[in-house]
Amino acid sequence: MSHPLAAAVTSAEKATGRRIAVLTAYDYPMARLLEEAGVDWLLVGDSLGMVVLGYPDTTSVTLADMRHHTAAVARGATRTPIIADLPIGTYDTPKAALEAARTLIAAGAHAVKLEGGLSHADRVAALVDAGIPTMGHIGMLPQRVREEGGYKIKGRSNEESDAILADALALQNAGAFALVLELVQPQTTARITESLGIPTIGIGSGPNCDGQVLVTQDLTGAFPWFRPKFVTPVAAVGEAVREAARSFALDVRCQRQSR
Ligand code: KIV
């Protein structure tokens, strides 16, 4: 990635074994808090469709949504590399991908991410050739959740494992600076991580990656109505908000007017 901090992290990573910690951010305060906490990269994920906008999955997220939230994150985090997701339908061709990516870069992203392997290597190559750092996303692809019928583990059979490795190598050859591996079986994840010169960033794929990414709302318990099986929340932000609101409402109702 061209961002100086990211370049330092990515080039050193494979050699030193330093893991890359990535969290999602969708707005100013969270971006600022995560930067203050020292997170390596921020991802403006299209998971914002679920955890911010209230859709059942990521397939309703638009480029306008992504631009709006990327700009907010860029105002909150001024020193941390920001990667923004290209939403569904915005990278069906290399030309479309380039146009969408330029919109997100103009909004403050340093890099973009898109879903798909071998079939999308031409889009990654077009973006990288145009100077836009690009992260791949393989394994379970949330933008295809409806066709796939749910969030299922990938890479269990030898054939699937070989296919995901081929996807990973194609994206690396196209110039991707890192790859998200989502819901990939841990042995397949290890195989991919060992085979690549670029970092793998796992989500629900076990420990055999060069880094990990989580949806911040899952990590902090801020979206308590749904929690992926592989996440153990380390805070209960949703319950803390409910409790603060209950206490405020009680205080207001008990208040006497001073007249
Ligand atoms: O949209 C997102 O938050 C993502 C992560 C789950 C990797 O793509």
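Before moving on, here are some points about what is shown:
- Flag for residue 182 being under 22 Å from residue 19 (Cβ atoms) and touching a strand residue (DSSP E or B) at 6+ places or on another chain (Cβ under 6 Å): yes
- Single condition residue 151 does not satisfy, out of (1) open to solvent by 50 Å² or more (accessible area, probe 1.4 Å); (2) more than 15 Å from the ligand (Cβ to nearest atom): (2)
- For the range 118-155, a tally of residues being touching a helix residue (DSSP H, G or I) at 6+ places or on another chain (Cβ under 8 Å) and among the charged types (D, E, K, R) returns 4.
- Taken together, 25, 74 contain a single residue that is away from the ligand (no atom under 14 Å from the Cβ) and hydrophobic (A, V, I, L, M, F, W, C), which is 74.
- Taken over the range 179-236, residues that are open to solvent by less than 10 Å² (accessible area, probe 1.4 Å), over 14 Å from the mean Cα position of the chain (by Cα), within 14 Å of the ligand (Cβ to nearest atom) and of a type in the set (A, V, I, L, M) amount to 2.
- Among residues of the range 28-49, those that are away from the ligand (no atom under 13 Å from the Cβ) and open to solvent by less than 10 Å² (accessible area, probe 1.4 Å), counted: 1
- Sole residue being within 16 Å of the ligand (Cβ to nearest atom) and either within 30 Å of residue 36 (Cα to Cα) or open to solvent by less than 10 Å² (accessible area, probe 1.4 Å) (or both), chosen from 131, 116, 139, 89: 116
- Going through (1) within 12 Å of the ligand (Cβ to nearest atom); (2) open to solvent by 80 Å² or more (accessible area, probe 1.4 Å) one by one, residue 251 falls short only on (1).
- For the range 98-116, the set of residues classified as assigned to a helix (DSSP H, G or I), hydrophobic (A, V, I, L, M, F, W, C) and touching a helix residue (DSSP H, G or I) at 6+ places or on another chain (Cβ under 7 Å) consists of 98, 100, 101, 104, listed by residue number.
The values are calculated or read from the model by the stated rules, or taken from the named source; none is laboratory data. Computed from a predicted structure; not experimentally measured. Quick reminder, even Gly has a Cβ in these numbers, built from the backbone with ideal geometry, and neighbours come from all protein chains shown. Just the protein is used for accessible areas: all its heavy atoms, side chains included, with ligands, DNA and RNA removed. Shrake-Rupley method; radii C 1.70, N 1.55, O 1.52, S 1.80 Å.
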